[in-house]
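Shown next, in structure tokens, is the structure this report addresses.
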Amino acid sequence: MSPPSVRSSGPGANLSAAYFEARYQILREPLGFPPSAAKLPDDDDAIHAWIEMESNQPAEEKMMVVAVGRIHLIPADSTGACADTVDENAAHCPDFPPLGTHGFSDGAGNDFPPPKLLRPAVQIRQMGTLENHQRKGHAATVLANLESEAVAQWGECTGFLQARVAAIPFYGAQNWISFGDEYMVEGIGLHRSMWKPLNTSLSPDSLVQNRTEGEV
């Protein structure tokens, strides 16, 4: 069996059913959401990354997806607020105030630059790993791939994300910094916003990592 490999595609990615099935199993099914909640309104505009490996189950597709994530460009006229899924009654995800107003600081005491200097701004969403494939560095590999692909696509940019509270240590280990108070995303749980300047497009070899500390 070949080792797991990282793949990425987008914007305009032709994503497989296996990708969305993994996203659903990891992020939505445990919360009782319907399968339609696995898709986001702007998936076509995002860069997607995933870890795939050969399946050892005869009834399944030859390749299975075990970890997923995506990153998109936040429009210049937006501060990042969006619907959580394509469903009509989807929860609302709040914005990132530093993109609209100067004067904020992060949890490490760093002052945010003025909003114009934070652009282009990008957002990580839909990160996760199947439970029986965690603690193998897959999430760190997906995240590094997304960061690198964002720089390759949009140049030096500022990354933002809304982390579930349990995932904050993982992102902190990848040099993301929390800011603002915790907040509730309805139906999902407590979150806290995080940010990171992105300015380096990594070589393909450096994207295959073996980090296990605090991985989700």
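Since every read-out is calculated from the coordinates, none of them should be taken as a lab result. Everything numeric in this text was worked out from a predicted model, so none of it was measured. Glycine gets a Cβ as well: all are built from the backbone with ideal geometry, and neighbour counts include every protein chain shown.
Of note:
- Spatially proximal lysines relative to residue 39 (Cα-Cα < 17 Å; intrachain offsets below 8 disregarded): none
- Estimated [θ] at 222 nm from DSSP helical runs (n ≥ 4, -39500 (n - 2.57)) normalised by residues in the chain, nearest 500: -4000 deg cm²/dmol
- 18 Å Cα-Cα reach of residue 136 towards aspartates and glutamates, excluding residues that sit fewer than 8 places from it in its own chain: 52, 54, 205, 213, 215
- Charge tally for residue 9 (other residues, Cβ to Cβ under 13 Å; Lys, Arg +1; Asp, Glu -1): -3.
- Aspartates and glutamates whose Cα lies under 12 Å from that of residue 116, excluding same-chain neighbours fewer than 8 positions away: 77
- Relative contact order of segment 5-207, pairs being alpha-carbon contacts under 8 Å that are 6 or more residues apart, as %: 19 percent
- Relative to the dominant Cα principal axis of the chain, helix 138-154 is inclined by about 60°.
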